[in-house]
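This report concerns only the one structure given below.
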Amino acid sequence: GLLLFSDHQASTFDISKLPSHRFEAMDHFAKCFLILRLEGSKVEGGLQRAEGDSRDWKAVRVDLVSPPVDRYAYTLLGWTGSRMFERDLRRFARLERQMLLDNHALYDKTKVLFTL
């Protein structure tokens, strides 16, 4: 009864196809998206229920991502910041440093040949 939903996506990571000019909202690492059922007694601060809701549990979403060790820092950065922070950081890399930042790596545009 703990697991309400799960969706596993296998890795499609292929270093030979990076970097890419196309924006992709998701990276290519193995992922598992879960929705877990937490009993109300185990929720810090207790449950805050909507009117008419009599459940004694709370659904919590958990996203697990499994990148290669050498890509961990970029994956962590891509999955933990706010959208605005991520956009600003990518814009700074592109405009101020002539680099491309994504969830896979930081690329120097002056040294890398891009292919579409």
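The values are calculated or read from the model by the stated rules, or taken from the named source; none is laboratory data. Computed from a prediction, not measured in an experiment: that's the story for all the values here. All Cβ positions, even for glycine, are placed from backbone atoms using ideal geometry, and neighbour counts span all protein chains on display.
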Handout entry: First in region 31-42 and farther than 30 Å from residue 67 by Cα, second anywhere and at pLDDT below 95 and part of a strand (DSSP E or B), Cβ under 7 Å, 6 or more apart
Key = 39/57; 40/57; 40/58
Exercise for the section: Being of a type outside the set (Ser, Thr, Tyr), closer than 29 Å to residue 2 by Cβ and in contact with an Asp or Glu (Cβ under 8 Å, 6 or more places away or on another chain) is the filter here, so list the residues in region 59-99 that pass it. Expected result: 65, 67, 78, 79
Handout entry: Of residues in region 37-79 being of a type in the set (Val, Ile, Thr) and modelled with pLDDT of 85 or more, the one farthest from residue 108 (Cα to Cα)
Key = 60
Completion exercise
With criteria (1) assigned to a loop (DSSP other than H, G, I, E, B); (2) farther than 30 Å from residue 109 by Cα, residue 11 comes up short on (2)
